[in-house]
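The values are calculated or read from the model by the stated rules, or taken from the named source; none is laboratory data. Quantities reported herein were computed from a predicted structural model and do not represent experimental measurements. Cβ atoms come from the backbone with ideal geometry, glycine included; neighbour counts cover every protein chain shown.
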Amino acid sequence: MKLYCLSNDPNKPCHILTFKEITLMLDCGLSMQSVLNFLPLSFVASSKLSNLPNWMPNDVSDSDLEGELKENGDRIFVDSPPEFCPPLNKLIDFAQVDVILISNYLCMMALPFITEGTGFQGRVYATEPTLQIGRLLLEELVNYIDQCPKASFAAQWKNLIHKLPYPLSDSFKPKSWKQLYNMNDVNASLSRIQMVGYNEKIDVYGALKVMPSSSGFCLGSSNWIITSDHEKIVYLSGSSTLTTHPRPMDHHSLKNADVLIMTDLTQTPISNPDSMLGVLCVVVGLTLRGGGNVLIPCYPTGVVYDLFECLSVKMQDLGVSNCPMFFVSPVADTSLAYSNILAEWLSSVKQNKVYVTEEPFPHGLLVKNNKLKHFKHVYSDGFSTDFQEPCVVFCGHPSLRFGDVVRFIELWGNNPRNCIVFTEPDFDYTEALAPYQPLQMKVAHCAIDTSLNFTQANKLIRDLKPNTLVVPECYTQPPVSAPNLTDYVIENNHDRTLIPYKWGEVINLPLKRKHSQIFIETGVAQKIVPVEVKPGISLSSITGTLSIKDNVHSIQDLSSSVNKASKHVKYEWGSLNVTDFLQKLSQEGISEPKVESHGNVVVIHLQEEDALIQLEDNSTHVVCTGDETLRTKLRSIVMQCLKKF
């Protein structure tokens, strides 16, 4: 069994697992850290961004580089459509992937890069919310990029990366970055997804069974259990033990795995989601009371549902409930509508509301009461009419490089009464704000990440008791932001084997097939006569036809004519004695063999015959250059040297 790591971001994972001749892809997350190196896209021309001065390295006079780089303060940005860092495609051919398992809608943003134009012919499995909400995220992202086309595309700067200042000089393999896919690619890739339910077992070509179980992180999020007849692998990604709106995490099905692959832990190990939510409510309340506006960059789904609920209550308590909330996204209406019809994927508290004809989320009521208003864009019909200040605006994109958030920063950035609040943990807020500096508006960092923290992860691992634990290498070291906090690591315990991995690595997992299941036809089984060879150990020969189809092994009864001829069949067993074998070769006229030993492997080279015989503990290989007569002769000599029964 081998594991390939194709993503440099453990929170946007993409792995390949090969086992029993099946190639599985575990998630296809898309790293978007690369977009922070680009200037923001604004659908209304920004005088500030368009007037930034060009930048060139001191010792470079390349006319092709002219205008590609812009300077703002001490930072250099690329003036070009943003590019993304897709999963590594050098280690494996995506056309060889048999199955893709998607854990949640945040871990499928690279799907079009993998399935379209690569020769991929496999299957893709995900839950219904993962498919439908993932569609919204993909559609929103494509919409943001398409609405602000750039006239030119910058590429020359990638050839001079060593001469550029930080952080461009530390860019992760910029020549592998790609421009975003289009909606045709999105629709084609999503059409490949087969929807599955929790605890539904899916057969993978007869070799494996895969099953999703609730991970508690977001609507439809899953951990995947991969089983064969005798082995169990658990892939744990994007999980949460906190009580929020999704269905709780299912622990039981994850226990006693031979291998547990764990990734996508919290990006804010030092912060507590509940305390961050409390700080957010205080900041919003104080800003609105002071006559300022609040801008919250966010994704169009997920934690934002909880923010609507929590803020509406707190704003009521703080006496600012007359300030409206605006939700601006190309998919805002679909997101709000869809979240309220997913009862089976929600927590029991939310489900119970459905049974008494209440909506699971309060945003439906907030919309009816005009407390929450949603629009596709700031230039949509009705927005300018309904818009009033002070207010709270939720909009994308959290990177601040595209989307309506760019326009709101331009509108509100110079007023110190306004405040921008960062709740999504995917991007460094100082890097996100860099192209807009200097800014007058206040900045609050209240990143809310409900994924497992290290304390919760270590407790969960102790409860699950895996034989082997596989984690990203960065999880075995304290976080960069707090190197002294040695508790924020995955514990190494003598009860299990801990295997770390990093980007671009291919690691061998200590799980080898020791047994496989075989079905014996009734007629064959009735003829089995066990013979005790040692106390408690019996052997019996079986004569039949071995059939292997779709990885299912079966032994069927031979026809009567063949059976008669097979009555005196002898079965070879045991190890080959090299001395006896060399003597037999000499008797057959094969002389001067060259013998080499490498541990338990003996290699015999027949120089005149140009043949090679490799003897191992459990196998013998005869390699000839197309001489079938010689191969048959050597095989016969090998068989003569073995014991028979």
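F43 meets the stated requirement of being closer than 28 Å to Q147 by Cα and either of a type in the set (F, W, Y) or within 21 Å of the chain's Cα centre (by Cα) (or both). Look at (1) over 21 Å from G216 (Cα atoms); (2) outside the structural domain of L254 (by TED's automatic domain parsing) and you find that P478 fails only one, number (2). The C-beta contact set for the stretch 54-79 (first residue under 22 Å from R401 (Cα atoms) and in contact (Cβ under 8 Å) with a residue 12 or more places away in the chain, second residue of a type in the set (S, T, N, Q) and surrounded by 19 or more Cβ atoms within 10 Å (Cβ to Cβ), distance under 9 angstrom, 6+ apart or interchain) comprises E68/S80; I76/N37; F77/N37; V78/N37. In the condition set (1) surrounded by 19 or more Cβ atoms within 10 Å (Cβ to Cβ); (2) acidic (D, E); (3) closer than 20 Å to Q179 by Cα, D64 is compliant with all but (1). Residue count for the stretch 1-53, restricted to those that are in a strand (DSSP E or B) and either touching a residue at least 40 places away in the same chain (Cβ under 8 Å) or in contact with a Leu (Cβ under 7 Å, 6 or more places away or on another chain) (or both): 15.
Could you please find all residues in the stretch 433-462 being within 24 Å of the chain's Cα centre (by Cα) and in contact (Cβ under 8 Å) with a residue 60 or more places away in the chain? Residues satisfying the conditions are A447, I448, D449, T450, S451, L452, N453, F454, Q456, A457, L460, I461. Every listed requirement among (1) more than 25 Å from F19 (Cβ to Cβ); (2) of a type in the set (S, T, N, Q); (3) touching a residue at least 12 places away in the same chain (Cβ under 8 Å); (4) surrounded by fewer than 17 Cβ atoms within 10 Å (Cβ to Cβ) is met by T486 save one, (3). Right, D250: at pLDDT 90 or above, assigned by TED's automatic domain parsing to the domain that holds Q477, of a type in the set (D, E) and in contact with a Pro (Cβ under 8 Å, 6 or more places away or on another chain) or not? Against the criterion (at pLDDT 90 or above, assigned by TED's automatic domain parsing to the domain that holds Q477, of a type in the set (D, E) and in contact with a Pro (Cβ under 8 Å, 6 or more places away or on another chain)), D250 does not qualify.
In the set (1) in contact (Cβ under 8 Å) with a residue 12 or more places away in the chain; (2) assigned by TED's automatic domain parsing to the domain that holds N322, T430 fails one condition alone, (1).
Would it be correct to say that K502 is basic (K, R), at pLDDT 85 or above and under 34 Å from the mean Cα position of the chain (by Cα)?
Criteria met by K502.
Residues in the stretch 273-295 that are of a type outside the set (D, E), surrounded by fewer than 14 Cβ atoms within 10 Å (Cβ to Cβ) and within 30 Å of P472 (Cβ to Cβ): 1 in all. In summary, F327 fulfils each of the numbered conditions (1) under 20 Å from F383 (Cβ atoms); (2) surrounded by fewer than 17 Cβ atoms within 10 Å (Cβ to Cβ); (3) of a type outside the set (S, T, N, Q) with the single exception of condition (2).
Scanning the stretch 178-205 for residues being buried (at least 20 other Cβ atoms within 10 Å of the Cβ) and assigned to a loop (DSSP other than H, G, I, E, B) gives a total of 2.
In the set P53, P57, P87, only one residue is assigned by TED's automatic domain parsing to the domain that holds N187 and touching a strand residue (DSSP E or B) at 6+ places or on another chain (Cβ under 7 Å); that residue is P53. For the stretch 565-624, filtering for residues that are under 17 Å from I637 (Cβ atoms) and among the hydroxyl-bearing types (S, T, Y) leaves 6.
Every condition in (1) at pLDDT 90 or above; (2) closer than 19 Å to L219 by Cβ is met by S275 except one, and the failing one is (2).
Evaluate the stretch 155-174: report whether one residue or more is among the aromatic types (F, W, Y), over 30 Å from I548 (Cα atoms) and free of Cβ contacts under 8 Å to residues at least 40 places away in the same chain. The answer is yes, given that some residue of the stretch 155-174 is among the aromatic types (F, W, Y), over 30 Å from I548 (Cα atoms) and free of Cβ contacts under 8 Å to residues at least 40 places away in the same chain.
Are any of the residues in the stretch 552-573 among the aliphatic types (A, V, I, L, M) and either modelled with pLDDT of 85 or more or within 25 Å of H230 (Cβ to Cβ) (or both)?
At the first step, the residues of the stretch 552-573 found to be among the aliphatic types (A, V, I, L, M) are 552, 555, 558, 562, 565, 569.
Narrowing the set further to residues that are either modelled with pLDDT of 85 or more or within 25 Å of H230 (Cβ to Cβ) (or both) leaves 552, 555.
Scanning the stretch 552-573, I find at least one residue that is among the aliphatic types (A, V, I, L, M) and either modelled with pLDDT of 85 or more or within 25 Å of H230 (Cβ to Cβ) (or both), so the answer is yes.
Yes or no, residue by residue, for (1) aliphatic (A, V, I, L, M); (2) touching a strand residue (DSSP E or B) at 6+ places or on another chain (Cβ under 6 Å); (3) in a helix (DSSP H, G or I):
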| site | (1), (2), (3) |
| --- | --- |
| A432 | yes, no, yes |
| P438 | no, no, no |
| D449 | no, no, no |
| L452 | yes, no, no |
| N458 | no, no, yes |
| V470 | yes, yes, no |
| Y475 | no, no, yes |
| A482 | yes, no, no |
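Residue-wise test of (1) outside any helix (DSSP H, G or I); (2) at pLDDT below 95.
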| residue | (1), (2) |
| --- | --- |
| E71 | yes, yes |
| S80 | yes, yes |
| L88 | yes, yes |
| S103 | yes, no |
| Q121 | yes, yes |
| G134 | no, no |
| L138 | no, no |
| L141 | no, no |
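Scan the stretch 600-619 and give yes if some residue there is surrounded by 11 or more Cβ atoms within 10 Å (Cβ to Cβ), within 29 Å of S541 (Cα to Cα), modelled with pLDDT of 85 or more and charged (D, E, K, R), otherwise no. No - not one qualifying residue is present in the stretch 600-619.
In the stretch 590-612, the residues that are in the same structural domain as L630 (by TED's automatic domain parsing) and in contact (Cβ under 8 Å) with a residue 12 or more places away in the chain form Cβ pairs under 6 Å with partners that are surrounded by fewer than 16 Cβ atoms within 10 Å (Cβ to Cβ) and part of a loop (DSSP other than H, G, I, E, B), at six or more places apart or across chains, as follows: N600/D617; V601/E616; D610/T625. Is there a residue being out of contact with any Phe, Trp or Tyr (no Cβ under 9 Å at 6 or more places or on another chain), on the phi < 0 side of the Ramachandran plot, surrounded by fewer than 18 Cβ atoms within 10 Å (Cβ to Cβ) and of a type in the set (D, E, K, R) anywhere in the stretch 230-249? Scanning the stretch 230-249 turns up no residue that is out of contact with any Phe, Trp or Tyr (no Cβ under 9 Å at 6 or more places or on another chain), on the phi < 0 side of the Ramachandran plot, surrounded by fewer than 18 Cβ atoms within 10 Å (Cβ to Cβ) and of a type in the set (D, E, K, R).
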